[in-house]
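Report on one structure; see the data block that follows.
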Amino acid sequence: MTTAKKLNGVQLKQHNYQKFIKWTEDVSDVDLISIVSKRSGLLKRVDVAKLADINRKNLTDNADIVKALEAFENKLRSREILPKVANDKNENASDKCKDLNANEFKDARASQQLAKAQQRILELESQLEALTDDLERLSEHSEVYLELAEYQRAKK
């Protein structure tokens, strides 16, 4: 982000657009399902901005990102990650979300939490191994110091 602060407005706009496009290419379906708003059936803008590492205002102020986000959401509708857009403007917002399966959200969130838990377990196992090695090394040092102390007592 330090290089982004040195850019002028136009360059920063293009830089944020490129970051957003890269995010749309790299994001997984599980992540997308977890950030779909149950009420509106759209991606939560705050979460999109966080995951794409851009300012939330860019999602509404940067015309390129607005168009790309709309196209991306349409692509997600065709892949059935987002619900279809209702044709009737009088249709209730809750009716728009009927296609969203609550179990899919729970499963996506659970699998995301599982992945985080597994990653944390691996980190903790690595830390445990390092601490065990340190303990063994320090135990050896302790034994040497005890032997030296006994030797010095015997020498006196």
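No value in this document is a laboratory result; all are computed from the given coordinates. All values reported here derive from a predicted model rather than from experimental measurement. Using ideal geometry, Cβ is built from the backbone for each residue, glycine included, and neighbour counts are taken over all protein chains shown.
Numbers below:
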| quantity | calculated |
| --- | --- |
| ALA68 versus VAL85: modelled label distance in nm, points set 7 Å from Cα along the beta carbon direction | 2.0 nm |
| Potential extension, GLN14-ASP134 segment - 0.36 nm per residue separation minus Cα distance | 38.3 nm |
| Mean Kyte hydropathy of -1.0 or more with a Cα span along the axis of at least 20 Å, helices from DSSP in the chain | 63-78, 102-155 |
| Point-charge dipole on Cβ atoms (K/R +1, D/E -1) for the chain, about Cα centre, debye to 20 | 1040 debye |
| The chain, helix-only ellipticity at 222 nm - DSSP H runs n ≥ 4, -39,500 (n - 2.57), divided by all residues, nearest 500 | -23500 deg cm²/dmol |
| Virtual spin-label span in nm between GLN113 and LYS155, 7 Å along Cα→Cβ | 6.2 nm |
| Förster-model FRET efficiency, 41 Å R0, ARG39 and ARG120, C-beta, rounded to 0.05 | 0.85 |
| Estimated inter-spin distance, ILE21 and ASN55, nm [label 7 Å along Cα→Cβ] | 2.1 nm |
